[in-house]
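Worksheet: the structure to be examined is printed underneath.
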Amino acid sequence: MKAMKSVSFAYTAPLGLSDLFEDFRLMCNDAIRIAVAGKPKNRLELIESAYATLKQYGLHTHYALSACEVAYSVCGNKNGKSVPYVRRAFLKLDNQSYQLDHMILRIPFHSSGSGHDSDYIFIALQGSNYQLSFIDDPGLKRGSVTITPNSVIISFSREVEPFEPTGFIGVDINERNATLSATDGWTRKFSELGEVAEIKQRYREIRAGISRKTRGDRRITKMLLSKYGQRERNRTQLRLHRVTSQIVDYAKDHTLGIKMEKLKGIRKRYRKRNSQGKLFRGRMNTWVFGEVQSQVEYKSKWGGVPLWYVNPRGTSSYCLCGSRVVRLADRKLYCPTCDRTWDRDDLASKNVMACAVPQARPSRGSDEGGGGDDGSRLRSRWREGKFTWSMTTNDSQNQRNRERKKGNGRVRSTSACQS
Ligand SMILES: [Zn+2]
């Protein structure tokens, strides 16, 4: 299975690069206009009709092809509602058009055909050992390169086969923390998510202040907002990366598969509460959830760690023994059957971990006793499924929930008890 990773490098811009950005931007917009007017059926048709125009810029052929590529993809996305327009300065080149010699990136410039050095632009990349490890790894394939005024982004890919897990890690993500429970007994609570929420709150106040104070000049407002937005992203991303790397690294080191809640419906959940403040918080948290989820997903894919999504319904409403828990103050839950008090996040992560792992829950009903069957069925679906890396266990979960409802008589909407 192919896993991709984009690695970002800092660089100092060589002479001529800003002109190249501008020419490429104009070429993209030319190609978009041609694409909108001619409605080409495929990339090749667009290249045929736009090539003559784009060639007049005098740049290397690769840029004409790349501009057509950009134009074709943005026109495809927009679906003809309005004519798209490229404003940002950037360059995109496929892996045939650039050369990477250690940290020196060579991109084409003009096309005199002589192959002389003046036909190219050389960019010295900067990076730490982390970036170097990708460049020096002969097992990685290099993909396209994207150059923006701030960074050079090179995509790498490699073939990875997921390992056979010897156990699982359940991950429960909520607005305060990410809690992990592994089948080997390891548990961990990452409080960085709470910090991220605080940072986002602080920056929201800063941004409100900026807009208030610089109302007279939109350019200054825009500049300050983008500066603080960048700072906010840096701070939040750093913390999220720290958390997700540790999760995936632990799973890899102990050959455990990762199970996460499928948090697709989280927007709906927050819509139920009718206060503006909560709604706003919900949207903010959705970003964090989605970010954690996608980071864990691509990192585990890169590391060959198998990943499953489970239905998040009822993970904090039921004890591991299957009976309904009573909510106490301070995010504590009490199970009357086991006479045991749980930490809410702890229980949720244990429930996620135990989902569709029948071996981990021997006290369950008879249908889950024949666990081997269930597992192989899910495994095969995982291989055939559309989204091949992860699989959902919705069916077995829904069945389990139905049984719970039967057993417990009246049950409140479980999703309301989530947070
Ligand atoms: Zn219990």
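The values are calculated or read from the model by the stated rules, or taken from the named source; none is laboratory data. Remember, it's a predicted structure, so these values are computed and weren't measured experimentally. So basically every Cβ, Gly included, is an ideal-geometry build from the backbone, and we count neighbours across all protein chains shown.
Details
- Matching option when the condition is touching a residue at least 40 places away in the same chain (Cβ under 8 Å), in a helix (DSSP H, G or I) and among the aromatic types (Phe, Trp, Tyr), among 134, 163: 134
- Criterion applied to 73, 6 was being of a type in the set (S, T, N, Q), under 27 Å from the mean Cα position of the chain (by Cα), part of a helix (DSSP H, G or I) and surrounded by fewer than 17 Cβ atoms within 10 Å (Cβ to Cβ), and the one residue passing it is 73.
- Residues of the range 9-20 satisfying the condition of being assigned to a helix (DSSP H, G or I) and either at pLDDT below 90 or surrounded by fewer than 18 Cβ atoms within 10 Å (Cβ to Cβ) (or both): 18, 19
- Of everything in the range 319-349 that is within 11 Å of the ligand (Cβ to nearest atom) and crowded, with 22+ Cβ neighbours inside 10 Å, the residue that is farthest from residue 176 (Cα to Cα) is 325.
- In the range 350-373, the residues that are within 12 Å of the ligand (Cβ to nearest atom), crowded, with 16+ Cβ neighbours inside 10 Å and either among the hydroxyl-bearing types (Ser, Thr, Tyr) or at pLDDT 85 or above (or both): 350, 351
- Where residue 313 falls short, out of the listed (1) more than 30 Å from the chain's Cα centre (by Cα); (2) modelled with pLDDT under 85; (3) basic (Lys, Arg): (1)
- Residue 175 vs. criteria within 19 Å of the chain's Cα centre (by Cα) and surrounded by fewer than 18 Cβ atoms within 10 Å (Cβ to Cβ): yes
- Put simply, of 90, 122, 156 the only residue that is of a type in the set (Phe, Trp, Tyr), modelled with pLDDT of 90 or more and closer than 21 Å to residue 298 by Cβ is 156.
- Within the range 179-196, the set of residues being touching a helix residue (DSSP H, G or I) at 6+ places or on another chain (Cβ under 7 Å) and within 24 Å of residue 229 (Cβ to Cβ) comprises 192, 193, 195, 196.
- Any hit, the range 55-65, residues being among the small types (Gly, Ala, Ser), over 20 Å from residue 123 (Cβ atoms), in contact with a helix residue (DSSP H, G or I) (Cβ under 9 Å, 6 or more places away or on another chain) and not in a strand (DSSP E or B): yes
- Residue 185 fulfils the conditions (1) on the phi > 0 side of the Ramachandran plot; (2) part of a strand (DSSP E or B) except for a single criterion, (2).
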